[in-house]
Structures are given as structure tokens and as C-alpha cells.
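The values are calculated or read from the model by the stated rules, or taken from the named source; none is laboratory data. No experiment lies behind these values; they were computed from the predicted model shown. Cβ sites come from the backbone with ideal geometry, for glycine too, and all protein chains shown count toward neighbours.
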Amino acid sequence: MRARRIACILLTLLTAALAFAGGPKVVGGPAVGSRAAFGLDGQAFIWNPAKMPIAYRLDPGPMAANSSGSVIIDHAAGAQRVQNMFGVWQGVPTATLSFTNAGAILAAGSYTGGDVTTAQQFNDIMGSCNSGLQSPVIFDADGRLLTSLGLPPEVIGFNSTCDVDTVHGFYLTSLILMNGTFQDKVNSSRNFELSANAFDEAITHEIGHLIGLDHSQINLDEFLAFPSTCDVDALAGLPLMFPISFCQARKDAGLPVLSPDEVSWISQMYPNATTPSEYGTISGTIYFADGITPVQGANVIARQVDDPSTSEDESRRVAVSAVSGYLFTGNPGQSLTASIGTTNENNTNGSAAGSRTPSLIGYYEIAVPPGTYTVEVESIFEAFVSGSGVGPLDPPIPIPGGAEFWNQDESAFDYPLQRDTITIHPGDKVTGINIILNNPYQRFDQYEDSGRLLDMPVRSPLRPKQEMPA
């Protein structure tokens, strides 16, 4: 996608108030008032590891067709590509994840089989997904289904979480739809074309949401330098789960589809027997300048120290992030953060998602491969809101002055770029890596968030691929 920088949109259909990005997409919360607990307090929602593989059901139609109805990518080729996309996540050696194609999409209402082509068929299939009956993967071969749903032609595809086990904190069903017009060999102002790798990576991003990941922000400076070309070191560390896609496909640059950030997070959420020997953790709390009040919603990045003896820049390539307070609720119930106009939340008790444990405000934990690291804190980019959000706050809070690094003599008056290193061995748990911000701007109250009144979708003026809620 480097050559054209086209406007391509991905949608993630999940209530924005449930998103806890920079790691897990949804975190469980406790019982509040008369409301029951939502999953397990302070723990990420995941698919049940004891019930692997995750079964998906596939649209029996073609993956891509042109406007005259000629098939460009038939069902067999599309099915293989979908299997390969799921295989990217299944192939993480330090995670326990598996998937299986359970066959064609099950009949539901007006849908009795064959290619899914109408809005009514989609709605009936979506209803079966919401009822926990199936996890459909739908091919919209010519883009007409998306149009009938009222979505713009720039949408590459979307994921929608359908049914969840709110007692144990498990995902039960989820839906993915992909727009075949991006693969129909036509490239025009209303019918964009992507390389096969770029298209597959966009849908692999959506599978990341399906299994429980939200967005991550690493190497933001590459995005801010748009439209310059991404160098390979920066692209290697740029998460597949970055909110907006603006570089060439990772695979086209000879890189693995997943960055170290995705591999780390999925390994922590779905660990296997090898995970402890491949990772150690760095944790701490981010504080305002008073050194007492924790900061909710700051981006924290652990970067491996560059090895000058290699031609690669490891500090750009090997980086893992978390958002401070990502386990804590983003909406504890203040009147200023009321969710206006929704049917499932009147703000009486705040969001159901996220812990209310005060020690988790401003807390972060990052799992990294063995090595030597620095830790830095930065603002979430101001345009990463709504469906493109990163972190529990929407909009994110500003941290003036750029990145600030951890050092052993942390204070509100130290030199922000002074950095000390942390060496991690397998199984290490390094705690207390706290950062005190130097900027003395007014702090939030203990349970404050960003004061969102309305959660409006924002389209980037740069018009690259963006995720937006329905």
C-alpha cells in the first residue's frame, strides 16, 4: 500500500467503552451495585483454551468477483487464504491457539445456504452469531453486501464480537466480513486494489481483534512522518495491531506478519509450557508530577537496546507496549462521562468492563523476550479515538513534551531523556519501574477519565486505512 496511500477502512464492531487497547480488547469488571460481574475482575477476555480449536464457518461463495460477476478468486483459493490468515496466529510458538474450518455457514432465517449476498441474510447470520451458534467468515465478493449494509466502499472488512460468557470471561462467537473488491484486479477511485499480502494482513489484523487483542502504538514517529516511506527497522517493530495502516505490507518487506508486540501479548493471553522460558516482565506505575497520583491512559513502551555490532536497529525492531491503567475501567461512573444514547449503559454504575481495584490505576505490565531494555512513556496520538482508540480513555490524555524515559532517580525534575537500562532474563519479574512525569499540568482526580461526552468517529485527514465503529 506504500505506492498509493489509499483510503481503506477496517471496522471493529464492539462498543468503544469496552475497549482496553495496548493489549487486551476487553477486561473483566466486578459486580457494581445490582449489576453482576462482567467476566473475571481485571482479567482479559479470551477464548477458552480448554475448548480449542476455535471453530469458524466459511461463506461457500467466492472470495472476489468483478462487477460483471466474473469470479476472480474462487472459494477454494479464498478458503486457503483464510486458513493461512488464521495460521499466522496459530503459528506463534509461545501461545496455545488453534483454529478449524468447521464447514459452511449454518442456515439462519432467510439464509438457507450458498453465497451470502443480501443485508437480510447477513442480519440473520449475525443473529445466529449473537445467539452463540456459529462464528461466520463472510466473503463479500463484489462489495455489494457492504453497500447494502450502508457502509462505504473503502471498508476492507470488519470483525464483530457476538456472544461472550460473562461469568468466566470467554469469547464464544465472533464474525468477520471481508470486501473482495480490494482483490478484483480493478483499481479506481471507487474500487481500490490492494496487494494480496496487504489485504491478507488487514484481515489478519481483524482476526487479532477476534482473539481478543486491541490496538497498540509503537514507532508512532513513522506515522507522523507520513507520507515518507517506512524503513524496514521501523516496520519490523510497527504492530500489525497499529490503529491505522500506512506502510507497505510486512510480508512484502520480508518481515513476519506479526511484530514482537503481538507475539508477546498473545503469548501472555494464551500461554503454553514454553512461555515462561521465553519472556520476563517489566511492570510499574506512571505518576503525575506530584509523584502520588497515577496516570491513566499513557502509552508505555519497552524497547530493546540497540546492538551496535549488527546492521539492524533493535530499538526499533524489538519493542512491546502497554497502556497505563489498561486493566482499570475507563468509565467509573462520573456524570461527565455518561454514555449518551446507548441502550446498554446509562452510566449509573459506569462501564461494566475493567477492574475497580485502585492499585491498577496507572499500572502497566509488559512481557519482553530476554534482553536489555529501556522504558519510555508517551501520549496516545490525539486522533486515535473511537474505533481507532488505544487505551481505556477516549479521547486520550495529552502528555506535553514528547517521550520521557525511566531512570533510577525518577522525579518530576529529572532530564526526560535520561534513561537507565533493565536486563531481563527468562522468567524475571522486574517490578517498580515507575515513571514520574515532569509536566506539572493539572492532574485528574483518582477515578477521572478524559471527560468524553460523545464518541464520534474521526476520519484521519491523511485518509489511510482506519478503523471506525458502526
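One residue alone among Gly87, Gly143 is at pLDDT below 95 and closer than 18 Å to Ala196 by Cα, and that residue is Gly143. In the stretch 215-272, counting only helices (runs of 4 or more DSSP H) that sit wholly within it, the ones holding 1 or more residues that are in contact (Cβ under 8 Å) with a residue 60 or more places away in the chain and more than 29 Å from Tyr171 (Cβ to Cβ) span 220-224, 232-237. Just one of the listed residues (Leu194, Leu177) is assigned by TED's automatic domain parsing to the domain that holds Leu97, surrounded by 21 or more Cβ atoms within 10 Å (Cβ to Cβ) and part of a strand (DSSP E or B), namely Leu177.
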